[in-house]
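J.: Sharing a structure, written as structure tokens. Questions coming.
The values are calculated or read from the model by the stated rules, or taken from the named source; none is laboratory data. Just so it is clear, the model here is predicted, and its values are computed rather than measured. With ideal geometry, Cβ positions are generated from the backbone for all residues, glycine too; neighbour counts draw on all protein chains shown. Surface areas here come from the heavy atoms of the whole protein model, side chains and all, with no ligands, DNA or RNA. Shrake-Rupley method; radii C 1.70, N 1.55, O 1.52, S 1.80 Å.
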Amino acid sequence: MFVQPIATLRRDGDGLTVLDQTCLPWRVAERRLATLEDVAESISAMRVRGAPLIGCAAAFGVAVALARGEANDAALDYALAVLRATRPTAVNLAWALNRMDERLRPLPSHARREAAWAEAAAILTEDAAMCAAIGAHGLGLLRALRARGGRPLRVMTHCNAGWLATAGMGTALAPIYAARAEGLEVEVLVSETRPRNQGLLTAWELAAAGVKYTLMADNAAGLLLMRGEADAVIVGADRIAANGDTANKVGTYLKALAARAAGVPFYVAAPLSTFDPGTACGEAIPVEERAAEEVLFIDGLDEEGCPRRLSLAPKDARAVNPAFDVTPAALVSGFITERGVIGVDGLADFLRGVQA
């Protein structure tokens, strides 16, 4: 059974301690969140990131809020509103908050505090189990793929959808970890994923796990796919519309287009909590616009190993920074979920069955 090397999130008294992912990959640091505002800031600033983990953090944020003050309807409404406003695209956040609301609203105020901690803990535990199931189903796909030219199987990914983004082994990286545990040799082509460079988090994860990887520039993906240097693309997701259109970190759509042109399967690994039957199609998915400074500046280490922020652009340069793009369902080969691998054609029936 996969155990996270470092807990991404854990209860700490009446607060929460999280792995601060803004310090990675250069330094491992934890951060204690003692208030609702601390939790909201950590989600907004991407100290906590990854759609499933955002949902877990939001659930615990409700518990932190109620532990620190009143637990009446007004306090619950306020906590839910503050947390909902942190990240608009990842539907897991809204899913977790709705679940907390449904669990706590019928209870008297005096019973809500402990119930909030218990429900948040249940969401965390279920997330780890979900990751393991996605890994098992994705492993089946990897077993069926054939590597080219006698080399190990090679999977391309984008952003970070490993254990750092969840409470377990991850989503897109879960099949990789499952393959390694089984002894199936797999290499990973890791897209850097600018401007936040979450691909560096994937590289850090894989290096620690002993999985062979190669970091590549985002714009190299098309050429590498055309050359047949990847046997599959597996990415995570932040929201999947009812028709299968998928929002994920910006740059995903371009990889999907390149994969289709090269005849390479393109899979989306995501839990049921990422599917949003209430959003008909990709055009209705809100795309988060983040600060221009993420494009205009870059963080790194200098020659002495000290963190530095450097300007990349001319002074007063303007930048646009959509955090996500939307991949049309027609470009998706299948969805790897905790219930199995679902094709786009069977998605509507699948979602109806889940809702029933």
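J.: Is it the case that some residue within the range 292-307 is open to solvent by 50 Å² or more (accessible area, probe 1.4 Å), part of a loop (DSSP other than H, G, I, E, B) and either touching a residue at least 12 places away in the same chain (Cβ under 8 Å) or under 25 Å from R84 (Cβ atoms) (or both)?
T.: No - not one qualifying residue is present in the range 292-307.
J.: In this structure, does A59 turn out to be open to solvent by 10 Å² or more (accessible area, probe 1.4 Å) and either hydrophobic (A, V, I, L, M, F, W, C) or touching a Leu at 6+ places or on another chain (Cβ under 6 Å) (or both)? Spell out the reasoning first.
T.: On the way: open to solvent by 10 Å² or more (accessible area, probe 1.4 Å): no; either hydrophobic (A, V, I, L, M, F, W, C) or touching a Leu at 6+ places or on another chain (Cβ under 6 Å) (or both): yes.
In short, no.
J.: Of all the residues that make up the range 29-42, how many are surrounded by fewer than 24 Cβ atoms within 10 Å (Cβ to Cβ) and either closer than 25 Å to H158 by Cα or among the charged types (D, E, K, R) (or both)?
T.: Counting residues in the range 29-42 that are surrounded by fewer than 24 Cβ atoms within 10 Å (Cβ to Cβ) and either closer than 25 Å to H158 by Cα or among the charged types (D, E, K, R) (or both) gives 7.
J.: Right, something else. Within the range 189-236, count every residue that is touching a residue at least 12 places away in the same chain (Cβ under 8 Å), out of contact with any Lys or Arg (no Cβ under 9 Å at 6 or more places or on another chain) and of a type in the set (D, E, K, R).
T.: Result for the range 189-236: 4.
J.: A further question follows. What is the one condition in (1) more than 26 Å from V326 (Cα to Cα); (2) out of contact with any Asp or Glu (no Cβ under 7 Å at 6 or more places or on another chain) that R68 does not satisfy?
T.: Failing condition for R68: (2).
J.: Counting only residues that are in a loop (DSSP other than H, G, I, E, B) and either touching a Pro at 6+ places or on another chain (Cβ under 9 Å) or not aliphatic (A, V, I, L, M) (or both), which one in the range 324-356 is most open to solvent (accessible area, probe 1.4 Å)? Quick ask: steps written out before the conclusion?
T.: Keep residues of the range 324-356 that are in a loop (DSSP other than H, G, I, E, B), which gives 328, 332-333, 338-339, 343, 356.
This time we only want the ones that are either touching a Pro at 6+ places or on another chain (Cβ under 9 Å) or not aliphatic (A, V, I, L, M) (or both), so: 328, 333, 338-339, 343.
Details: P328: 50, S333: 59, E338: 49, R339: 148, G343: 34 Å².
Step by step, filter the range 324-356, then rank; the result is R339.
J.: Would you point out which residue out of L36, L76, L83 is of a type outside the set (D, E) and in contact with an Asp or Glu (Cβ under 8 Å, 6 or more places away or on another chain)?
T.: On the way: L36 fails: in contact with an Asp or Glu (Cβ under 8 Å, 6 or more places away or on another chain); L83 fails: in contact with an Asp or Glu (Cβ under 8 Å, 6 or more places away or on another chain).
Just a single option satisfies the conditions, and that option is L76.
J.: Further question: Pull up the range 246-271, narrow it to residues that are of a type in the set (F, W, Y) and open to solvent by 10 Å² or more (accessible area, probe 1.4 Å), then point me to the one that is nearest to V332 (Cα to Cα). Even if it seems obvious, please write down each step before you answer.
T.: Narrowing the range 246-271 to residues of a type in the set (F, W, Y): 253, 266-267.
Of the ones still in play, those that are also open to solvent by 10 Å² or more (accessible area, probe 1.4 Å) are 253, 267.
Numbers: Y253: 10, Y267: 6 Å.
Among those that are of a type in the set (F, W, Y) and open to solvent by 10 Å² or more (accessible area, probe 1.4 Å), it is Y267.
J.: Quick check: is even one residue across the range 310-319 open to solvent by less than 20 Å² (accessible area, probe 1.4 Å) and in contact (Cβ under 8 Å) with a residue 24 or more places away in the chain? Before you say what the answer is, go through the steps one by one.
T.: Start the filter on the range 310-319 by keeping residues that are open to solvent by less than 20 Å² (accessible area, probe 1.4 Å), which leaves none.
No, the range 310-319 contains no residue that is open to solvent by less than 20 Å² (accessible area, probe 1.4 Å) and in contact (Cβ under 8 Å) with a residue 24 or more places away in the chain.
J.: For the list (1) open to solvent by 10 Å² or more (accessible area, probe 1.4 Å); (2) modelled with pLDDT under 95, I need the number of the one condition that A111 fails.
T.: Of (1) open to solvent by 10 Å² or more (accessible area, probe 1.4 Å); (2) modelled with pLDDT under 95, only one is false for A111: (2).
J.: Return yes or no: is A75 hydrophobic (A, V, I, L, M, F, W, C) and open to solvent by less than 10 Å² (accessible area, probe 1.4 Å)? So that I can check it myself, show each step before the final result.
T.: Values: hydrophobic (A, V, I, L, M, F, W, C): yes; open to solvent by less than 10 Å² (accessible area, probe 1.4 Å): no.
So A75 does not fit the description; no.
J.: Which helices (runs of 4 or more DSSP H) does the range 130-245 wholly contain that include 1 or more residues that are open to solvent by 10 Å² or more (accessible area, probe 1.4 Å) and within 21 Å of R27 (Cα to Cα)? So that I can check it myself, show each step before the final result.
T.: Numbers: elements: 174-182, 199-209, 221-226.
The qualifying helices (runs of 4 or more DSSP H) are 199-209.
J.: Out of curiosity, is E283 outside any helix (DSSP H, G or I), more than 17 Å from G340 (Cα to Cα), more than 20 Å from the chain's Cα centre (by Cα) and charged (D, E, K, R)?
T.: Details: outside any helix (DSSP H, G or I): no; more than 17 Å from G340 (Cα to Cα): yes; more than 20 Å from the chain's Cα centre (by Cα): yes; charged (D, E, K, R): yes.
Here the answer is no, as E283 does not meet what is asked.
J.: Out of G334, G346, I need the residue that is free of Cβ contacts under 8 Å to residues at least 24 places away in the same chain, small (G, A, S) and over 19 Å from A90 (Cβ atoms). Which one? Break it down stepwise before answering.
T.: Values: G334 fails: free of Cβ contacts under 8 Å to residues at least 24 places away in the same chain.
Of G334, G346, the one residue that is free of Cβ contacts under 8 Å to residues at least 24 places away in the same chain, small (G, A, S) and over 19 Å from A90 (Cβ atoms) is G346.
J.: Moving on. Considering only residues that are buried (at least 17 other Cβ atoms within 10 Å of the Cβ), of a type in the set (A, V, I, L, M, F, W, C) and within 19 Å of A63 (Cα to Cα), which ones fall in the range 5-28?
T.: Hits for the range 5-28 are L9, L16, V18, L19.
J.: OK, next. Out of all the residues in the range 19-29, is one or more out of contact with any helix residue (DSSP H, G or I) (no Cβ under 8 Å at 6 or more places or on another chain), outside any helix (DSSP H, G or I) and of a type in the set (K, R)?
T.: yes
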